[in-house]
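Inspection log for the structure reproduced underneath, given as structure tokens.
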Amino acid sequence: MSNVKMAIILLAGGVGKRFNKNISKQMISYSGVTVLEINIKNFQKHLKNIPIQIVTNKQDLSKVSQLCNKYQLLTPVLGGNERQKSSYNALLALKKINPKYVLVHDAARPIISAKVIKEMVNYSKKDVFCVAPVLKVRDSIRTISSNIIKGNITKENKVLIQTPQLSNYKILKYYLKKSKKIFEDESSVFLENSMKVIAIEGDPLSLKITYDKDLKLLEPHLTKNYITKIGNGFDIHRFGNSKNLKNNFIVLGGIKIRDTRPLIGHSDADVLLHAITDSILGAINKGDLGSIFPPSDEKWKNADSSIFLKHASKMLQNENGKINNIDATIICEKPKILDYSKQMQKNIAKILNINSQRISIKGKTSESIGFIGRQEGIAAMVSTAIQIKDTDIQ
């Protein structure tokens, strides 16, 4: 393998002290795919048959080893207390491969520009010390101390440095071993030793995850293979003819509402949960409530409708989908839905294990018109939006 011209080093050894999570930022998962795995897939897409050396920490070593086996990467190595120690450990691990260049990348930058990679490959065909992607500074720069702005700095000839950076393997390894200084990245090592560092245009989307807010900025781009689908649900049940209200009640949104004639149905006749269930099933193309829980089956007689909703939720999870929001309208003259909507909202959120703010429940009357206006029954209409993987993307 001595003729391999380039190798990739993925630095994933940090524990993210500035990151407010109990997990390494590179191990955060989006729909079952970690940030580190996104990096691997992106590099293998643009650079086929190039060895990848991952640097990890002790707590993630087992999971990273599994990823390396899955993608046929080099055996991972443990990092050090500083970034340059981690880089040096990776360089030592590449001794047998002995590439001419290494492409060193921070795994906390999951979005990798194809244009940047292409330019790096072009420079790997030449004799260079280091090549780094940069962004021009667009905002004004000031110095600050204790939250007080102290002075002006011109933004002329100032740039922000990104990764991946292309570095001469032997020279980088030599100076990292020799130096006692702490360097922020590979380009600073070469600059410290008066060697030319070539700048190429970086990518603003190649944002490094440092703080929680960075995840919010990156999330739409990390889930770009996912689409929003909408399912509609409708259900209607009529009231029974009993005039005795003492023990009569209806179940709506999983909540018992007393002093009203019961609704007639094979299960508990919860029109709201039935409509929500159908809307979820519709969004994932899995039929409807009646096809999965047929009313002809005595097993479901007087059944709690939360069973149906939980089953639909499980089917959605099996498709790697999640609920964006639920918008429900209950149509009836009585009861007054506003009096119970918050309680129903919280109960449905608990059943689906989602934030209650994702659920909207509204009540409408039919202005005394027709079947519902004559207080003969209740109907519910629901639209549910889900986020799910786009099956058209291969």
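Laboratory data are not the source of any read-out in this text; all were calculated from the coordinates shown. Since the structure is predicted, the reported quantities are computational estimates derived from the model, not experimental observations. Note that we place each Cβ from the backbone using ideal geometry, even for glycine, and neighbour counts take in every protein chain shown.
Here the calculated FRET efficiency for Lys100 and Asn353, from their Cβ-Cβ distance with R0 = 45 Å, stands at 0.30, rounded to the nearest 0.05.
Provide the gained length on full extension for the span Asp203 to Asp339, in nm with one decimal, where the gain is 0.36 nm per separating residue minus the Cα-Cα distance.
Result: 43.8 nm gained on full extension.
Relative intensity of the chain on a log10 scale, I(q)/I(0) at q = 0.07, 0.11, 0.12 Å⁻¹, equals -0.51, -0.84, -0.92, per a Debye sum over C-alpha point scatterers of equal strength in the absence of solvent.
The share of alpha-carbon pairs in segment 225-375 lying farther apart than 27 Å comes to 22%. For segment 6-222, the antiparallel share of DSSP beta bridges with both residues in that region comes to about 50%.
Residues of segment 343-387 falling in the label zone of Asn241, defined by backbone nitrogen less than 19 Å from a point 7 Å along Cα to beta-carbon, are 371-372, 374-378. Spread over its residues, the convex hull of the C-alpha atoms of segment 6-222 is 143 Å³ per residue. Relative contact order of segment 6-222, taken over Cα pairs closer than 8 Å and 6 or more residues apart, is 24 percent. Dipole of segment 191-333 computed with +1 at Lys/Arg Cβ and -1 at Asp/Glu Cβ about the Cα centre; of Gly253, Leu217, Thr228, farthest Cα towards the positive end is Gly253. Compared with the alpha-carbon gap, the fully stretched path from Ile227 to Lys346 is longer by 40.2 nm at 0.36 nm per residue. Calculated [222 nm] ellipticity per residue, helices only, for the chain: -8500 deg cm²/dmol; basis is -39500 (n - 2.57) per DSSP H run with n ≥ 4, divided by all residues, nearest 500. Measuring between alpha carbons in the structure, the pairs from Lys48/Lys100; Lys85/Lys181; Lys70/Lys100; Lys286/Lys346; Lys45/Lys95; Lys286/Lys314 lying more than 21 angstrom apart are Lys70/Lys100; Lys286/Lys346; Lys45/Lys95. Using the Cβ of Gln66 as centre and a radius below 14 Å, the other residues enclosed give a net charge of 0, where K and R count +1 and D and E count -1.
Counting Lys and Arg as +1 and Asp and Glu as -1, what is the net charge of the other residues whose Cβ lies under 14 Å from the Cβ of Leu11? Net charge in that neighbourhood comes out at -1. Contact order, relative form, for the chain: 14 percent (alpha carbon pairs under 8 Å, 6 or more residues apart, mean separation divided by residue count). Between segment 95-141 and segment 251-275, the alpha-carbon centres lie 62 Å apart.
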